[in-house]
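Student: Mind looking over this structure? Questions follow.
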Amino acid sequence: MTQVDQVIETVYREHASKVLAVLVRIFGPSNLELAEDVLQETFRKAVSTWSETTIPDQPAAWILTTARNQAIDVIRSQRTRTRFADDLSRLLESDWTLSHTVDEEFTDAKIQDDQLRMMFMCTGADLTPENRIPLILRTLCGFSIAAISRALFLPEATVKKRLLRSRERLADRKFVLPPLTELPSSMDSVHTVIYLLFNEGFHSSEDGRAMNQELCREALLLADMLLTEPRIVNQDTFGLIALMQFHTARVTTRLDADGNNVPLDLQDRSQWDTGRIELAEGFLRVAPHAPPGASGRFLVEAQIAREHCRAATFEETDWDAIVHLYEDLVAITGSPIASLNQAVAVAYAGDTEGAAERILAIREVPLLRGSHLPPATLAHIHAMRGDAADARRLVDESTKLGGTPHEQRTLRLQVERLLRSPKREA
């Protein structure tokens, strides 16, 4: 990779999403593809010019200036046949106001505001998770199509198709921050999608890897962006960031040397990042002073993660506290996954029989019928009780129903290890 390539890659990752947000603001969401074309042309010019001359002292400023000029050229050439942003269209029609209007949108304050607008537009869209993640990586994180393909283990053609479907859904969206009356529910969507991105990295769904830390970092950067606008921050914002920091604090202990998952009870807690844990604790201390969120889900999840990080050893975990916190989480979300996790906490709190009864009831919930998760959780509980035959049968059942190879291997090893350990009282 040449020096120009290295600089281009860095500037693209750090500034492409900013430039794209401004271009979408000027052109309007219906012209997202046009905005992307201008962005790509700007960087193409950078590669060509810098290779022939020299890299400028301030490459990011060069990119912003070139994108600004490109935007003006496009508007001049297309304004008779393209409708740009509704509230700017009149100002863009006249050369007397065109340059000044575009210049205003490229100021630092407007760029930050446009990034937030872009975030609400993308996360509020009626998109499936498989289409949302590529869109977020493209528009909010500055990933190229090739980078999205590598991050998600998808063919580039598939990425392009998903982005095309997303653009079509976004065409009629408004590029605005939600009104105050809709802000809490809109923030819930933003929080959920950011955590979806984080989970895609932390619990990678791809067979080839157990974790993709790059996606985790991008989710944290997006969450940090929310903090730049005090008007929109609520308790769940702090809860979400704390939750991701608690998880990230133990990222180096989650995988063994071969890249396989290490269960929580085997992780080396002396290697957990105490700085991140303290940072997360700080966010939780600040949270009560912010307006409440619409759901409060992430605040409770962060409190659960805090209990795990507080315990000096797995055996010292306050499982009773975790059971009660999951009670709150189930009440908030109605999630059968939260109920499954609560059942595990009940088992570690000493009631394995009660935990098994809970799981048997949960597996009849329509959402989990046919899922590999209930039998996997039941296998864990039976192994804790020393029921080897049932535990192994349930491992086989779970494996047939699904889960990644990493999940299946971790389950089998965990069950066999529990069967060899001293058994708990039921």
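Student: Ala379 fails exactly one of the following numbered conditions: (1) small (Gly, Ala, Ser); (2) crowded, with 21+ Cβ neighbours inside 10 Å; (3) modelled with pLDDT under 95. What is the number of that condition?
Tutor: It is condition (3) that Ala379 fails.
Student: State which residue pairs qualify: first residue free of Cβ contacts under 8 Å to residues at least 60 places away in the same chain and inside the range 315-330, second residue crowded, with 19+ Cβ neighbours inside 10 Å and among the basic types (Lys, Arg) in any location, beta carbons under 9 Å apart, and separation of 6 or more residues or different chains.
Tutor: Hits for this filter: Leu329/Arg297.
Student: Taking the range 332-375 on its own, how many of its residues are at negative phi and within 28 Å of the chain's Cα centre (by Cα)?
Tutor: Going through the range 332-375 one residue at a time, the tally reaches 25.
Student: Pick from Ala223, Ala157, Ala171, Ala249: which is aliphatic (A, V, I, L, M), out of contact with any Pro (no Cβ under 7 Å at 6 or more places or on another chain) and under 23 Å from Gln115 (Cα atoms)?
Tutor: Details: Ala157 fails: under 23 Å from Gln115 (Cα atoms); Ala171 fails: out of contact with any Pro (no Cβ under 7 Å at 6 or more places or on another chain); Ala249 fails: under 23 Å from Gln115 (Cα atoms).
One residue alone meets the criteria, Ala223.
Student: Of Leu135, Leu177, which residue is in contact with a Lys or Arg (Cβ under 8 Å, 6 or more places away or on another chain) and outside any helix (DSSP H, G or I)?
Tutor: Leu177
Student: Then there's this: Any residue in the range 98-110 that is among the aliphatic types (A, V, I, L, M), open to solvent by 10 Å² or more (accessible area, probe 1.4 Å), in contact with a Leu (Cβ under 9 Å, 6 or more places away or on another chain) and closer than 21 Å to Ser30 by Cβ?
Tutor: So the first thing to find is which residues in the range 98-110 are among the aliphatic types (A, V, I, L, M), and the list is 98, 102, 109.
Keeping just the survivors that are open to solvent by 10 Å² or more (accessible area, probe 1.4 Å) gives 109.
Within this subset, residues satisfying the condition of being in contact with a Leu (Cβ under 9 Å, 6 or more places away or on another chain) are none.
Looking through the range 98-110, none of the residues is among the aliphatic types (A, V, I, L, M), open to solvent by 10 Å² or more (accessible area, probe 1.4 Å), in contact with a Leu (Cβ under 9 Å, 6 or more places away or on another chain) and closer than 21 Å to Ser30 by Cβ.
Student: Return the pairs, sorted by first residue and then second, in which the second residue is open to solvent by less than 60 Å² (accessible area, probe 1.4 Å) and in a helix (DSSP H, G or I), the first residue lies in the range 352-371 and is touching a residue at least 40 places away in the same chain (Cβ under 8 Å) and closer than 21 Å to Trp319 by Cα, the beta carbons are less than 7 Å apart, and the residues are 6+ apart or on different chains.
Tutor: Listed by first residue and then by second, the contacts come to Thr352/Ile381; Thr352/Met384.
Student: List pairs: first in the range 215-238 and closer than 18 Å to Pro288 by Cβ, second assigned to a helix (DSSP H, G or I) and open to solvent by 40 Å² or more (accessible area, probe 1.4 Å), Cβ under 8 Å, 6+ apart or cross-chain?
Tutor: Asn234/Pro184; Gln235/Pro288; Asp236/Arg297; Phe238/Val286
Student: Could you check how many residues of the range 73-101 are in contact (Cβ under 8 Å) with a residue 12 or more places away in the chain, in a helix (DSSP H, G or I) and hydrophobic (A, V, I, L, M, F, W, C)?
Tutor: 4
Student: Mind checking which pairs have a first residue in the range 391-418 that is under 15 Å from Asp265 (Cα atoms) and a second that is assigned to a loop (DSSP other than H, G, I, E, B), Cβ under 6 Å, 6 or more apart or different chains?
Tutor: Correct list of pairs: Gln414/Pro263.
Student: Please determine whether any residue of the range 23-31 is open to solvent by 40 Å² or more (accessible area, probe 1.4 Å), at pLDDT below 95 and of a type outside the set (Phe, Trp, Tyr).
Tutor: There is at least one residue in the range 23-31 that is open to solvent by 40 Å² or more (accessible area, probe 1.4 Å), at pLDDT below 95 and of a type outside the set (Phe, Trp, Tyr).
Student: Output the number of residues of the range 125-148 satisfying the condition of being of a type in the set (A, V, I, L, M) and in contact (Cβ under 8 Å) with a residue 60 or more places away in the chain.
Tutor: 4
Student: Under 7 Å between Cβ atoms, which residue pairs at least 6 apart in sequence (or on different chains) link something in the range 149-168 that is farther than 17 Å from Leu215 by Cβ and among the polar types (S, T, N, Q) with a partner that is in a helix (DSSP H, G or I) and open to solvent by less than 80 Å² (accessible area, probe 1.4 Å)?
Tutor: Note: pairs meeting the criteria are Ser166/Asn131; Ser166/Leu135.
Student: A further question on this structure: Which residue out of Leu419, Leu360 is assigned to a helix (DSSP H, G or I), of a type in the set (A, V, I, L, M, F, W, C), surrounded by fewer than 14 Cβ atoms within 10 Å (Cβ to Cβ) and out of contact with any Lys or Arg (no Cβ under 6 Å at 6 or more places or on another chain)?
Tutor: On the way: Leu419 fails: surrounded by fewer than 14 Cβ atoms within 10 Å (Cβ to Cβ).
From the options Leu419, Leu360, the qualifying one is Leu360.
Student: From the list Arg310, Arg369, Arg358, Arg385, pick out the single residue that is basic (Lys, Arg) and over 25 Å from Gly402 (Cα atoms).
Tutor: Every option except Arg310 fails the conditions.
Student: Can you find a residue in the range 385-393 that is over 25 Å from the mean Cα position of the chain (by Cα), aliphatic (A, V, I, L, M), crowded, with 17+ Cβ neighbours inside 10 Å and assigned to a helix (DSSP H, G or I)?
Tutor: yes
The values are calculated or read from the model by the stated rules, or taken from the named source; none is laboratory data. Computed from a predicted structure; not experimentally measured. In this analysis, Cβ positions are derived from the backbone assuming ideal geometry, glycine residues included, and neighbour counts consider all displayed protein chains. The protein model used for the area step is the full one, side chains on, heavy atoms only, and it has no ligands, DNA or RNA in it. Shrake-Rupley method; radii C 1.70, N 1.55, O 1.52, S 1.80 Å.
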